[in-house]
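For reference, the structure is listed below as structure tokens.
The values are calculated or read from the model by the stated rules, or taken from the named source; none is laboratory data. If you're wondering where the values come from, they're calculated on a predicted model, not measured in any experiment. Cβ placement follows ideal geometry from the backbone for every residue including glycine, while neighbour counts extend to all protein chains displayed. Calculation scope for accessible area: heavy atoms of the full protein, side chains included, ligands and nucleic acids excluded. Shrake-Rupley method; radii C 1.70, N 1.55, O 1.52, S 1.80 Å.
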Amino acid sequence: MKHVIIGNGPAGVVAAETLRRYDPQAEITLIGEEAEAPYSRMAIPYFLNGSIPDQGTHLRKAGDHYEHHGIHLRQGSVVRVEPESQTVVFADDAELGYDRLLVASGCHPVRPPLPGIDLPGVHTCWTLADARAIAERAAPGSRVLQIGAGFIGCIIMEALCSRGVKLTVVEMGDRMVPRMMTAKAGTMIRHWVEKKGVSVHVNAGVTQIVAKGDALVATLSDGATVETDVIICAAGVRPNVAFLAGSGIAMGHGVHVDEHMRTDVRNIYAAGDVTEASGFHTGERELNAIQPNAADQARVAAINMAGGEARFQGALAINVLDTLGMISTSFGQWWGSEGGEGVERVDEKNYRYLSLQFKDDVLVGATSIGRTDHVGALRGLVQGRMRLGAWKEKLLKDPTQFMAAYVSQTQKVS
Amino acid sequence: MGWARKILRVDLSKGTCKSEPLNMEWAQQYLGQRGLATKYFVEEVDPKVDPLSPANKLIMATGPLTGTMASTGGRYSVITKGALTGAIACSNSGGYIGAELKMAGWDMIIFEGKSPKPVYLSIQDDVAELRDAAHLWGKTTWDTEEIIKSSHHDPQVRVCSIGRAGENGVLYACIVNDLHRAAGRSGVGTVMGSKNLKAVAVRGTVGVSGIRDFKAFMTATTAAKKVLADNAVTGQGLPTYGTQVLMNVINEMGALPTRNAKEVQFEGARKISAEAMHEKRLSDGKANLVTNAACFGCTIACGRISQVDKNHWSVVNSPKYWGATGGLEYEAAWSLGAADGVDDLDALTVANMICNEDGFDPITFGATVGAVMELYTMGVLTKEQIGIEAPFGSAQALLEIAHMTAEGRGFGKEMGLGSARLTAKYGHPELSMSVKGQEFPAYDPRGIQGMGLTYATSNRGACHLRSYTVASEVLGIPVKTDPLVTEGKPALVMAFQDATAAFDSSGTCIFTTFAWSLVDLAPQIDAACEGGEAGWSVERLAELGARIWNMERLFNNAAGFTAKDDDLPTRLKTEPAQTGPAKGLVSGIDKMVPEYYKLRGWDTAGVPDKETLARLGL
Amino acid sequence: MQKSLHIDPSKCTGCLQCEMACSYENHGVFNIAKSRIKVFNFEHEGRKVPYTCTQCAEAWCLNACPVDAIRIDAATGAKIVHEDVCVGCKVCTIACPFGTINYVADSGKVQKCDLCGGDPACVTACPTAAITYVDADWTGLDKMRQWAGKTNTQPRASA
């Protein structure tokens, strides 16, 4: 059996390893576009702030890991998939046949269409190469303008600040991480980073960028101008699906998959950021570009590709963010559920926050700030659809007892 | 080094919190907790001070073994001039807050002055601040703990607080921590309330790192834990039965003060004993005792977790008492039970819950109810005055009076005086079973003679925990002595007093001394603490105990106490035991005191002589 | 035979010796805030429950780690955090549905139970044998995994 995996991010690597475990004889090829060993974008901030070298970002540390597991690494850019002949075609016209194909091509950062976005000095922060370029230009004392304060924007903020740059952030939404956190939490994060010396403009976009000598001048939607040395564009991501045009695979923004992570084309599977899988709560197709989700989907896809049986129960949004030392998390339907109940506990002075959202006596979503202990149990409660019974009332009164609730409900007296 | 080497000084008048280095010279002489905090106290406070005035101070202190792996290393003490007694007060509590305070990096907190409005102290490691407590004032200790944990977003916060009793000036209010542990006696909670200090909330994540020799410490604490595990009392008796193991034993000896000490045996003892707590109730088929529980670091686990029958008349309309919580210890079972002639186990358990919930000492409370019941029987107090018929044996009266005391309602205000003031007010001071204003507990000095001297000479007023000669006279620890004789008791009491003062200054629990002596304690302290060339030997700890005892004595003498205060209630000296092994006996206290003074190196007025002071470096 | 922690909450008294032992073993101090095992107290049920990582077969933390910092110890089967590799991204802390891998701000790394290399300090410290380290077959490990499975959306192969 010949397995081909397009994309060597976490989804690709986990899928390759899982295939090897379930199909010891299979031929496995893992295709990556970049001239790097498979690495994790999650680690880029730590590379950028100098706490780890290149290798520290690598998904697997042993030098012979892939060789040892019989996973063939191939660098190249796939430009086309031909389902009839079960072949993928590379930019250099090389071809590679497959019995099962996994599309784990991930996503790419969006560059908003505005004048000057392609000027030198305007970077995305997505690849190791991007990070190296930013590291070179973002010297101590230099001015950096960051477009977007979403997840990626927030995790690189610390790295930039630790480099001693003067940072300005522009966010279209009314708060930081608007698609990941409640209004209150996003606002608290904003106050926190402002306290740390970052200048934040919310409800604002960049309308144009012009060069001014070595510097760049960005005009904001409110008319203000910001002169800066570097612009980093962190305005969201889109699935990498261009090369699938003409393959016949059903797609929206991302590749449509079923619960077995199959596309509607025979022998082609997809996993990770590139997919539009059904949401855990909604059952509707949604994009969900997060690492744990990618790893889960990859395992499901690989087991099915190897002839096993595994189902994906739906993508659950789980996020953790360290924004200049302020740690926040969100889980599931953090915005709440129609007809459900919720509780929000705010301690602005000490930057602590907790919101729990219920549907009946089941937790469907949560948001926290300033809390690191036992946060995983929030996932456990949401994903296990655990009935809380009398604990729900207790949690509405004191949400900080969620871990006790979890332990109580899982460690019943036998 | 065991110590965190840092103390927190809180000026409630000014609203400030300041860090100070611990006086290490004093630490070498007084170790920690009771000894060291008392040293600070006597250096800083005028012995004549009115306990409820802003000039009184209140110290919460840990010991060097608090917050360590030493068994029972979770204790803290509250030192002040007692509201009930006017004597030096030192109330010791377990639970978890002592260890938390140490793990936050503090050896002790000194509160001084008086806050203009209700506040509570919040400690998060090195950050300490006074916060508004308007929303907590009027709340029970249970509610206070819950509200603070919730508002701090942290279920791990440890809280000690006063309940309504402490706010209302009940003179024997305690400071309750972890729902049902308490710095219980002498009115330390009343002093806290007088300062408008509602609670202390602590979260410590710094830990205890300054152990002198970790390896030696682990060896010493492991060995000491084995001693506890192998001992019949600490290894089996206490975990299984708790201190309540004593109820039937002491009753059999004819040393269970009953109905305000009119009698020495209680016919209902078995019904309120440890054995009864284990038995299934006829009403709902469940036992009163749910499980045993430990305080921080404790490998004995004598604590009782009890649950009453939901349909018991006392709680049928009060769901908050339906869950499991701290149950009866021996002293409370005695004071609420035998002392009042009440034998309804669930009723006593609920009365004890009310004491925890609103923070008042069940020993003094129960003993005061006993005095009230006697006054009622004599016709001195009437149903109209009390608000309920209150004959001995009435569980209804006990609970109604408990509620009134908790809420500061009606006769509850009178109850808040304690038995000495209350009986004096109604013209019968002889009916108060107290010494220096504090009621004695559950061992009748007619049947256990050593305890008479213990009560009479206890520096904090009558108390069993200053020299628990029951260990020797009843249990044979370390050697069996005859409980019915006075011979040899002064020396026994003195040795117990000194050793106890050392234990109380270490951070460990006095209950370890059923199995441990200073021989077991010394190596643990020595491994934890810098002790100079001499190290921490048994002899040094015994001497330290004597030094503490004499320091406390000097304070009390200066506060106005004299030899005549080292005495027992007349009843114990003139009304012989009518039943049991002690039948016909009264307390031989008058024989023991002079000998005790002599052994102590005190003159006949009970004042330490120059040689004694010089020998102890006082 | 692989061994695992067996926890019997009915024997727990809440003394927290396990938490101190854990913090001492791993951090060289007595600091229960840093313990990897945590005792939960259910006051009104009269129940105390020591709780830590079950070294679950699903290894959510390991799978979620973006930098291969969590690996299986061949001798004990424990999932171990390699501190030198961990970058502190905390993804594992939200991936583990049991809440038993946690971020430590001081070190900037995560920590979890590693079975102390086969001689768990909590077991040695527990005075009532509420925590024991026994052959996996005896531990009701399957039972524990069963409730682990309740939150499991991950695949179980039928192949």
| When you look at B:Gly601, is it within 30 Å of B:Ile548 (Cβ to Cβ), without any contact (Cβ under 8 Å) to a residue 24 or more places away in the chain and open to solvent by less than 50 Å² (accessible area, probe 1.4 Å), yes or no? | yes
Report task. May I ask you to verify whether B:Gly285 is of a type outside the set (Phe, Trp, Tyr), out of contact with any Ser or Thr (no Cβ under 9 Å at 6 or more places or on another chain) and farther than 29 Å from C:Val39 by Cβ? Result -> yes
By residue number, the members of region A:191-206 that are assigned to a helix (DSSP H, G or I) and open to solvent by less than 60 Å² (accessible area, probe 1.4 Å) are A:Trp192, A:Val193
Of B:Glu275, B:Glu267, the only residue that is more than 14 Å from chain C (Cβ to nearest Cβ), open to solvent by 40 Å² or more (accessible area, probe 1.4 Å) and assigned to a helix (DSSP H, G or I) is B:Glu275
Checked region A:139-176 for anything in contact (Cβ under 8 Å) with a residue 60 or more places away in the chain, under 14 Å from A:Gly197 (Cα atoms), assigned to a strand (DSSP E or B) and open to solvent by 10 Å² or more (accessible area, probe 1.4 Å); matches are A:Arg143, A:Thr168
The residue that is farthest from A:Asp130 (Cα to Cα), considering only those in region A:207-244 that are in a loop (DSSP other than H, G, I, E, B) and in contact with a helix residue (DSSP H, G or I) (Cβ under 9 Å, 6 or more places away or on another chain), is A:Val241
Taking region A:231-269 and keeping residues crowded, with 23+ Cβ neighbours inside 10 Å and touching a Pro at 6+ places or on another chain (Cβ under 9 Å) leaves A:Cys233, A:Ala234, A:Ala235, A:Gly254, A:Val255, A:Ile268
Condition set part of a helix (DSSP H, G or I) and touching a Phe, Trp or Tyr at 6+ places or on another chain (Cβ under 8 Å), scope region B:524-550, selection farthest from B:Gly237 (Cα to Cα): answer is B:Arg547
Of B:Val372, B:Val342, B:Val315, the only residue that is in a helix (DSSP H, G or I) and open to solvent by less than 10 Å² (accessible area, probe 1.4 Å) is B:Val372
### Task
Could you tell me whether region B:198-213 includes any residue that is part of a helix (DSSP H, G or I) and either more than 13 Å from chain C (Cβ to nearest Cβ) or among the charged types (D, E, K, R) (or both)?
no
Within 14 Å of another protein chain (Cβ to nearest Cβ) and either farther than 17 Å from A:Arg80 by Cβ or surrounded by 21 or more Cβ atoms within 10 Å (Cβ to Cβ) (or both), is that true of A:Gly272? yes
Scanning region B:116-159 for residues that are surrounded by 20 or more Cβ atoms within 10 Å (Cβ to Cβ) and of a type in the set (Gly, Ala, Ser), the one nearest to the other protein chains (Cβ to nearest Cβ) turns out to be B:Ser122
* Quick check, is B:Val233 closer than 17 Å to B:His180 by Cβ, among the β-branched types (Val, Ile, Thr) and not assigned by TED's automatic domain parsing to the domain that holds B:Gly184? -> no
A:Arg179 meets each of (1) without any contact (Cβ under 8 Å) to a residue 40 or more places away in the chain; (2) open to solvent by less than 40 Å² (accessible area, probe 1.4 Å); (3) under 23 Å from C:Cys89 (Cβ atoms) with one exception, condition (2)
query = Is region C:10-24 home to any residue that is part of a strand (DSSP E or B) and either within 14 Å of chain B (Cβ to nearest Cβ) or crowded, with 24+ Cβ neighbours inside 10 Å (or both)?
reply = no
Scanning region B:518-536 residue by residue, those in contact (Cβ under 8 Å) with a residue 12 or more places away in the chain and open to solvent by less than 40 Å² (accessible area, probe 1.4 Å) turn out to be B:Leu518, B:Asp520, B:Leu521, B:Ala522, B:Gln524, B:Ile525, B:Ala527, B:Ala528, B:Cys529, B:Gly531, B:Trp536
Screening A:Tyr66, A:Tyr98 for residues that are among the aromatic types (Phe, Trp, Tyr) and within 14 Å of another protein chain (Cβ to nearest Cβ) leaves only A:Tyr66
Q: Could you please let me know if B:Leu238 is crowded, with 20+ Cβ neighbours inside 10 Å and in contact with a Cys (Cβ under 6 Å, 6 or more places away or on another chain)?
A: yes
- Query: Among the residues of region B:546-562, is there at least one that is open to solvent by 70 Å² or more (accessible area, probe 1.4 Å) and either out of contact with any Ser or Thr (no Cβ under 9 Å at 6 or more places or on another chain) or more than 26 Å from B:Gly35 (Cα to Cα) (or both)?
  - Reply: no
Listed by first then second residue, the pairs whose first member lies in region A:362-384 and is facing another protein chain (nearest Cβ under 9 Å) and open to solvent by 10 Å² or more (accessible area, probe 1.4 Å), whose partner is among the basic types (Lys, Arg) and in a loop (DSSP other than H, G, I, E, B), with beta carbons under 8 Å and at least 6 positions apart or on separate chains, are A:Thr372/C:Lys90
Every listed condition ((1) more than 26 Å from B:Arg466 (Cβ to Cβ); (2) touching a Cys at 6+ places or on another chain (Cβ under 6 Å)) holds for B:Gly184 save (1)
Taking region B:279-303 and the residues there that are touching a strand residue (DSSP E or B) at 6+ places or on another chain (Cβ under 9 Å) and away from every other protein chain (no Cβ under 14 Å), the one that is surrounded by the fewest Cβ atoms within 10 Å (Cβ to Cβ) would be B:Lys280
Pairs returned, first residue in region A:104-117 that is over 28 Å from A:Glu276 (Cα atoms), second residue that is at pLDDT 90 or above and buried (at least 18 other Cβ atoms within 10 Å of the Cβ), beta-carbon separation under 6 angstrom, 6 or more apart or interchain, are A:Gly116/A:Ile209
Just one listed residue, out of B:Gly98, B:Gly86, B:Gly113, B:Gly82, is within 14 Å of chain C (Cβ to nearest Cβ) and either surrounded by 24 or more Cβ atoms within 10 Å (Cβ to Cβ) or touching a residue at least 60 places away in the same chain (Cβ under 8 Å) (or both), and it is B:Gly98
*Do we have A:Arg111 as in a strand (DSSP E or B) and either of a type in the set (D, E, K, R) or on the phi > 0 side of the Ramachandran plot (or both) here?*
no
For region B:500-517 the number of residues that are buried (at least 24 other Cβ atoms within 10 Å of the Cβ), in a helix (DSSP H, G or I) and not acidic (Asp, Glu) is 4
Checked pairs for region B:538-551, first under 13 Å from B:Gly601 (Cβ atoms), second open to solvent by 10 Å² or more (accessible area, probe 1.4 Å) and among the acidic types (Asp, Glu), C-beta under 7 Å and 6 or more apart or across chains, list as B:Ala546/B:Asp498; B:Trp549/B:Asp498
